[in-house]
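Here the structure comes first, spelled out in structure tokens, and everything after it is commentary.
Quick note: the coordinates plus some simple rules give every number you see, no bench work behind them. Being a predicted model, the structure only gives us computed values, none of them experimental. Here the Cβ positions follow ideal geometry from the backbone for every residue, glycine too, while neighbour counts run over all protein chains shown.
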Amino acid sequence: MSLLKFESMLKTNNIYFFDLSEFEEIIVHYLDTGKISLAKKAIKLGLEQHPQSIDLKLLMVESYLIENEVEKASRLLKKIEVIAPHNEEVFIQKATINSKKGFHKEAIVNLEKALSYTDDKIDVWSLMGMEYLYLEDFKKARISFTNCIEADYEDYSALYNIVYCFDMQKQHTEAIQYLISYIDINPYCEVAWHQLGRQYFVTENYKEALTAFDYAVLIDESFLGGYLEKAKTLEQLSNYQEAIDNYLITLELDDPTAFAYVRVGECYEKLGKLDAAISYYKKAVHEDPLLDKGWILLTNLYFDQENYYKAAYYISKAIKIDEDNALYWRRYAEINLRLSFFEEAVTGFSSCLKLGDTSPEIYMGLTDVLSFLGEFNDALKVLLKAQKTYQNFAELEYRFVGLFFLLGKEKYAFTHLTSAMKIDFDYHIILNELYPTVFENTDVQKLLKKHKKAIE
């Protein structure tokens, strides 16, 4: 009612009288809804009618801080502190300013002063806990949030923060013990059961985790997070059909998400139901076209089915989203090799090397494609780069043999053939597969037979 009266006053330019509590109610409403200019008008009019009000002046400080006018807020606070040196809100706002400036220890000092002047300590403990979090002092932060819980067992924000502190300290066993003791007092708290399940999940106690998530969704049948975590746990226990059922519940409870579609698809893939998997992967990328994971899952599934044209289409989608992913370029190269698109395969392998994937398979793949294309000098350059990292590597040495022969450098070729046979004679089949004319060379055959006889 007072809000309507105030807005009517603004429209008519009439001046109405409001008592102090009405002004506070109006201002807090505007601050909470982000209507700062209206809040400031209400503060101005309020101070005209109640010029001695400390509470209105403190609300002005709050409005300054929302607009990041820190110096104005500081100056006004100093004046208020002279008049009301024992007002807890003065020290809370001073702590807010300290925090904005990054002075978290000073903020804690002011919050401790606020504690000594207030009867409503929960909000101050909560603010103090956040300051300790900024300082990464998780033990003291946990103590602050524990104080909140002891004062109000339904302060779930504090409960989340306590578990977060345990997580940051990797104290999962202690977190489990704390949550069990909390549940003993507040057994119908779905949040606590959910957090307990998460801790069991992290410690790979999946059966216990499943029990905890079961309780969470029994207490609150619309608990989206509970069903999600339960489904993930069922996956770990290889109960893929039950996992699917729980993911599908999340899709009924809320708007569909690409994440849930992907998880359902992966479960179907593990069950060998590939058409269903494809269907859900397609739903995922329809829901979120920028989800590269959805595109790569489709790519891999079609690749495994030897449907390389579809795989090529989907890998191109993934690469457009994340062109700096070496794994995608590797798959791109592999697909194009299967399709005999050798220039594209060269692009794929070269991109892998540029992005830091310098595994021997990439070097050898690029070398082999360049060799097939007759680009023997370029292939040799790739091998020489590989040799700097992978020395005494038989698969590289046999490729040196083939390339040096093709380039007419037989002396180098035989030197590498000798080295290759010493490292691993059995890999000489590479010559037959990649460089058959070199393998059939009379001198090469003689050397291979001589070495074979020597090691038998």
Roughly speaking, what is the stretch gain from ASN300 to LYS270, that is 0.36 nm per residue apart minus the C-alpha to C-alpha distance, in nm to one decimal? 9.5 nm
Mind jotting down the distance between the C-alpha centroids of segment 108-137 and segment 397-436, whole Å? 73 Å
May I ask you to sort ARG330, ARG75 by Cβ crowding, counting other Cβ atoms within 10 Å and putting the fewest first? ARG75, ARG330
Would you mind checking the tilt of helix 121-134 against the longest principal axis of the Cα atoms of the chain, expressed as 0 to 90 degrees and rounded to 10? 30 degrees
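Order the peptides 32-42, 195-205 from the highest to the lowest mean number of other Cβ atoms within 10 Å of their residues. Show your work: numbers first, answer last.
Working: 32-42: 15.5, 195-205: 20.8.
Answer by packing, highest mean first, reads 195-205, 32-42.
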Using 30 Å as the Cα-Cα cut-off, could you pick out the over-long pairs in LYS40/LYS139; LYS79/LYS105; LYS41/LYS101; LYS44/LYS105; LYS121/LYS207? LYS40/LYS139; LYS44/LYS105; LYS121/LYS207
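Using the count of nearby Cβ atoms within 10 Å as a rough guide to exposure, how do CYS148, CYS352 rank from fewest to most?
Working: CYS148 23, CYS352 26.
Ranked by crowding around the Cβ, least crowded first: CYS148, CYS352.
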Charge context of GLU323, other residues only, Cβ under 12 angstrom, K/R +1, D/E -1: 0
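Over the chain, what per residue volume does the convex hull of the Cα atoms give, in whole Å³?
Details: hull volume 113.8 nm³, N = 456.
Given the Cα convex hull of the chain, per-residue volume reads 250 Å³.
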Normalising by the residue count of the chain, find the relative contact order in percent from Cα pairs under 8 Å and 6+ residues apart. 4 percent
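Would you mind working out the magnitude of the charge dipole of the chain relative to its Cα centre, with +1 at each Lys and Arg C-beta and -1 at each Asp and Glu C-beta, to the nearest 20 Debye? Intermediate values should be presented prior to the final figure.
On the way: 50 positive and 71 negative charges, 437 e Å.
Dipole about the Cα centre, nearest 20: 2100 debye.
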Within the chain, helix-based [θ] at 222 nm, where runs of 4 or more DSSP H residues each add -39,500 (n - 2.57), nearest 500: -25000 deg cm²/dmol
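Too long at a 29 Å Cα-Cα cut-off: which of LYS170/LYS283; LYS57/LYS140; LYS270/LYS354; LYS94/LYS140? Can you show the working numbers first?
Working: LYS170/LYS283 37 Å; LYS57/LYS140 32 Å; LYS270/LYS354 34 Å; LYS94/LYS140 21 Å.
Flagged as over cut-off: LYS170/LYS283; LYS57/LYS140; LYS270/LYS354.
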Along the dipole axis of the chain (charges at Cβ: +1 for Lys and Arg, -1 for Asp and Glu; origin at the Cα centre), the most positive-end residue among THR437, THR118, ILE149 is THR437
Expressed as an acute angle from 0 to 90° and rounded to the nearest 10, what is the orientation of the C-alpha long axis of helix 326-338 relative to the principal long axis of the chain? 40 degrees
For segment 146-210, report the translational diffusion coefficient in µm²/s to the nearest whole number, using Stokes-Einstein at 4 °C, 1.567 mPa s, and a Kirkwood Rh over Cα pairs. 111 µm²/s
Positive minus negative residues near LYS207 (Lys, Arg vs Asp, Glu; Cβ under 13 Å): -2
Please determine, in degrees from 0 to 90 and to the nearest 10, the orientation of helix 360-372 with respect to the longest principal axis defined by the Cα atoms of the chain, where the helix direction is its Cα long axis. 50 degrees
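Could you tally the net charge around TYR261, taking each other residue with its Cβ under 14 Å from the Cβ of TYR261, Lys/Arg +1 and Asp/Glu -1? The partial results should precede the final answer.
Numbers: positive: ARG263, LYS282, LYS283, LYS293; negative: GLU252, ASP254, ASP255, GLU266, GLU269, GLU287, ASP288.
Surrounding charge for TYR261 is -3.
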Please name which of ASN239, MET128, SER371 has its Cα lying farthest along the dipole of the chain towards the positive end, using unit charges on Cβ (Lys, Arg +1; Asp, Glu -1) and the Cα centre as origin. SER371
